[in-house]
Amino acid sequence: MVVREFSNVTLRCAANGSPRPNITWRREYGSLLQLPDGREALTAEGENYTIARVTREHMGAYLCIASNGVPPSISKRIGLTVEFPPVIDVSKQLVGARLGRPLVLQCTSQAFPKSHNYWVRADNMLVQGPGYETEMVESSYSISMRLTIESVTHYDFGEYKCVSKNYLGETEQSIKVEHVKSQDTGWGPAATKLPKHSKGKYLGRPVSENSIEIPDAEESTSASSPAARAIANVFLVLATLPGALNYVCRTTM
């Protein structure tokens, strides 16, 4: 049977025998049946099985089993096909990308009959070619659409559309790709590694990549004047204050 989504459908199964056979309905692979009162069950009884407002989730095979206590029982298989226009789901409509990095855009399309799916950029259909790779993965009435950009350039920023169409309709969704600057800006503690000295103190703090080594005041000013020693001690005090680890203080005489 082929029906449109959200219509009502009735499956019928009649059997003859003596005594009169009972009819039991099951879904193939053990899926649950929807009962008229809204409940779900593994089986339903009666010659007619009705589904109100059928949806794509009801698509599949149904088994009509007739039995009257005299072996063997017999069964027939009825396939139910539900037609519906395409629907596209996009998990992220705004995507950030860095220059020179790969990027994957993805849409999921659902439709029956099978839809025609493709990507569009600036009103041009994107096909397999240098820098781009398209992939379609089908599963029942669902298709996963993937567009891979091998290495992002300035040209690749902008809007992309995934389009899906069949004879019942057409739909599209947009994904916008924006430029994200690299976290390494070339300045600051994260980008600058300070030289480590063979002697010195770290004021009790653990040594890390961004730690600042303060030479010993007595050692660095042993040959200097009292004024130079005083200045070096001031630097040591300042180095213990919050935020002072971003600076290197040196005393030269």
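The values are calculated or read from the model by the stated rules, or taken from the named source; none is laboratory data. Please read all numbers here as calculations on a predicted model, not as lab measurements. Here Cβ is always computed from backbone atoms with ideal geometry, including for glycine, and neighbour counts include all displayed protein chains. For the accessible areas, the whole protein counts, side chains as well, though only heavy atoms, and no ligand, DNA or RNA atoms are used. Shrake-Rupley method; radii C 1.70, N 1.55, O 1.52, S 1.80 Å.
What are the residues in segment 1-40 that are surrounded by 12 or more Cβ atoms within 10 Å (Cβ to Cβ), closer than 23 Å to residue 69 by Cβ and hydrophobic (A, V, I, L, M, F, W, C), if any?
Of everything in segment 1-40, those that are surrounded by 12 or more Cβ atoms within 10 Å (Cβ to Cβ), closer than 23 Å to residue 69 by Cβ and hydrophobic (A, V, I, L, M, F, W, C) turn out to be 13, 15, 23, 25.
Can you tell me how many residues in segment 121-140 are touching a Leu at 6+ places or on another chain (Cβ under 7 Å) and of a type in the set (A, V, I, L, M)? Outline the logic, then answer.
Of segment 121-140, the ones touching a Leu at 6+ places or on another chain (Cβ under 7 Å) are 126, 132, 134.
From the residues that got through so far, the ones that are of a type in the set (A, V, I, L, M) too are 126.
Adding up the residues that qualify gives 1.
Got a number for residues in segment 132-160 being assigned to a loop (DSSP other than H, G, I, E, B) and not hydrophobic (A, V, I, L, M, F, W, C)? Lay out the reasoning, then the answer.
Taking segment 132-160 first, the residues assigned to a loop (DSSP other than H, G, I, E, B) are 140-141, 150-153, 157.
Among the residues that remain, those that are also not hydrophobic (A, V, I, L, M, F, W, C) are: 140-141, 150-151, 153.
The number of residues fulfilling the criteria is 5.
Can you find a residue in segment 140-147 that is more than 24 Å from residue 181 (Cα to Cα) and at pLDDT below 90?
yes
Which of (1) at pLDDT below 90; (2) basic (Lys, Arg); (3) within 30 Å of residue 58 (Cα to Cα) is the odd one out, the single condition residue 165 does not satisfy?
Among (1) at pLDDT below 90; (2) basic (Lys, Arg); (3) within 30 Å of residue 58 (Cα to Cα), residue 165 violates only (1).
How many residues are open to solvent by 90 Å² or more (accessible area, probe 1.4 Å), out of contact with any Phe, Trp or Tyr (no Cβ under 8 Å at 6 or more places or on another chain) and outside any loop (DSSP other than H, G, I, E, B) if we restrict to segment 108-130?
Of the residues in segment 108-130, 2 are open to solvent by 90 Å² or more (accessible area, probe 1.4 Å), out of contact with any Phe, Trp or Tyr (no Cβ under 8 Å at 6 or more places or on another chain) and outside any loop (DSSP other than H, G, I, E, B).
Since residue 94 meets every condition but one in (1) of a type in the set (A, V, I, L, M, F, W, C); (2) within 24 Å of residue 142 (Cβ to Cβ); (3) touching a helix residue (DSSP H, G or I) at 6+ places or on another chain (Cβ under 9 Å), which condition does it not meet?
Condition (3) is where residue 94 drops out.
Since residue 102 meets every condition but one in (1) in contact (Cβ under 8 Å) with a residue 40 or more places away in the chain; (2) open to solvent by less than 70 Å² (accessible area, probe 1.4 Å), which condition does it not meet?
Only one criterion in (1) in contact (Cβ under 8 Å) with a residue 40 or more places away in the chain; (2) open to solvent by less than 70 Å² (accessible area, probe 1.4 Å) is unmet by residue 102, namely (2).
Which residue out of 99, 105, 80, 11 is of a type in the set (A, V, I, L, M) and assigned to a loop (DSSP other than H, G, I, E, B)? It would help to see each step written out before you state the result.
Values: 105 fails: assigned to a loop (DSSP other than H, G, I, E, B); 80 fails: assigned to a loop (DSSP other than H, G, I, E, B); 11 fails: assigned to a loop (DSSP other than H, G, I, E, B).
Every option except 99 fails the conditions.
Give the residues of segment 22-70 that are under 25 Å from residue 113 (Cα atoms) and assigned to a loop (DSSP other than H, G, I, E, B), sorted by residue number.
31, 32, 52, 53, 54, 55, 59
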